[in-house]
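Data block below; observations after.
The values are calculated or read from the model by the stated rules, or taken from the named source; none is laboratory data. Just so it is clear, the structure is predicted and the values come from calculations on it, not from any experiment. Cβ sites come from the backbone with ideal geometry, for glycine too, and all protein chains shown count toward neighbours. SASA here: full protein model, heavy atoms, side chains in, ligands and nucleic acids out. Shrake-Rupley method; radii C 1.70, N 1.55, O 1.52, S 1.80 Å.
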Amino acid sequence: MSHMTSPVLTVGFDLDMTLIDSRPGIRACYQALSARTGTFIDADLAVTRLGPPLAEELVNWFPAEEVPAMADVYREMYPTHAIAPTPAMPGAREAIAAVRAAGGRAIVVTAKYEPNAKLHLGHLGIDADAVIGDLWAERKAEALREYDAGVYVGDHTGDVRGARTAGALSVAVVTGPCDEDELRAAGADVVLKDLLEFPAWLAAHR
């Protein structure tokens with residue numbers, strides 16, 4: 001079979017709590033937003049439920065009509081507060097390297113504001129073939145279909161729903177807010193402890 005006729009393996013990855021441990025940075029950004037606005041935000045609570053779009057968290061702390069403006073302020077403050085303290089998840093670089101070693105493409109599909117997602121990856125030296133932001137749950141399928149991703153790796157039931165909507169294999173890691181039972185109930189095809197287990201899984205899958 002010639003290289004021309006074999007489809008390129010494309011694997012999508014979620015960002016927050018899948019490739020990066022965004023809790024320290026997001027906590028710092030919420031604390032800064034709270035200080036700037038004089039509005040109490042329980043930053044420790046907020047970082048226990050990462051994954052959904054920013055507006056879904058902000059509505060817990062601000063009147064609904066203020067949420068769009070507060071989201072803009074948060075995103076503007078984010079590069080200053082959230083990028084430097086945020087580490088890569090164990091196995092993140094190895095997982096992307098494994099996709100490349102298999103001749104594949106690795107893309108990032110995230111609900112995060114796209115410019116800030118790119119800042120995280122650049123800061124950590126994680127080189128994705130494409131970064132698509134502002135997509136959550138079923139809407140992640142838009143990017144997964146556009147790039148013909150056969151696999152989507154994430155940590156949240158919303159990521160599982162996105163994979164299933166796109167007809168991609170759902171690989172879930174239990175490094176975020178959802179446990180194995182929740183991920184399986186949502187329809188995850190594969191559940192891994194973390195991304196350190198991904199290269200061996202990918203080799204077997206291939």
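Determine, yes or no, whether ALA111 is within 21 Å of PRO52 (Cβ to Cβ) and either touching a Cys at 6+ places or on another chain (Cβ under 6 Å) or at pLDDT below 95 (or both). The answer is no for ALA111. Taking the criterion of being of a type in the set (A, V, I, L, M), open to solvent by less than 30 Å² (accessible area, probe 1.4 Å) and part of a helix (DSSP H, G or I), the residues of the stretch 187-206 that qualify are LEU195, LEU202.
A quick yes/no check of all residues on (1) among the hydrophobic types (A, V, I, L, M, F, W, C); (2) closer than 14 Å to ALA168 by Cβ; (3) touching a residue at least 24 places away in the same chain (Cβ under 8 Å); (4) not in a helix (DSSP H, G or I):
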site: GLU94; (1), (2), (3), (4): no, no, yes, no
site: VAL99; (1), (2), (3), (4): yes, yes, yes, no
site: GLY103; (1), (2), (3), (4): no, no, yes, yes
site: ALA106; (1), (2), (3), (4): yes, yes, yes, yes
site: ASN116; (1), (2), (3), (4): no, no, yes, no
site: ASP127; (1), (2), (3), (4): no, no, yes, yes
site: GLU138; (1), (2), (3), (4): no, yes, yes, no
site: ALA141; (1), (2), (3), (4): yes, yes, yes, no
site: LEU144; (1), (2), (3), (4): yes, yes, yes, no
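Is it true that GLY133 is under 19 Å from the mean Cα position of the chain (by Cα), closer than 23 Å to THR175 by Cβ, without any contact (Cβ under 8 Å) to a residue 12 or more places away in the chain and surrounded by fewer than 21 Cβ atoms within 10 Å (Cβ to Cβ)? Please lay out each step first, then the result.
Details: under 19 Å from the mean Cα position of the chain (by Cα): yes; closer than 23 Å to THR175 by Cβ: yes; without any contact (Cβ under 8 Å) to a residue 12 or more places away in the chain: no; surrounded by fewer than 21 Cβ atoms within 10 Å (Cβ to Cβ): yes.
Criteria not met by GLY133.
Counting only helices (runs of 4 or more DSSP H) that sit completely within the stretch 16-58, those holding 3 or more residues that are in contact (Cβ under 8 Å) with a residue 40 or more places away in the chain and closer than 25 Å to GLY122 by Cβ correspond to 23-37. Evaluating LEU50 against the criteria (1) open to solvent by 10 Å² or more (accessible area, probe 1.4 Å); (2) farther than 27 Å from LEU196 by Cα; (3) not polar (S, T, N, Q) leaves one unmet condition, (2).
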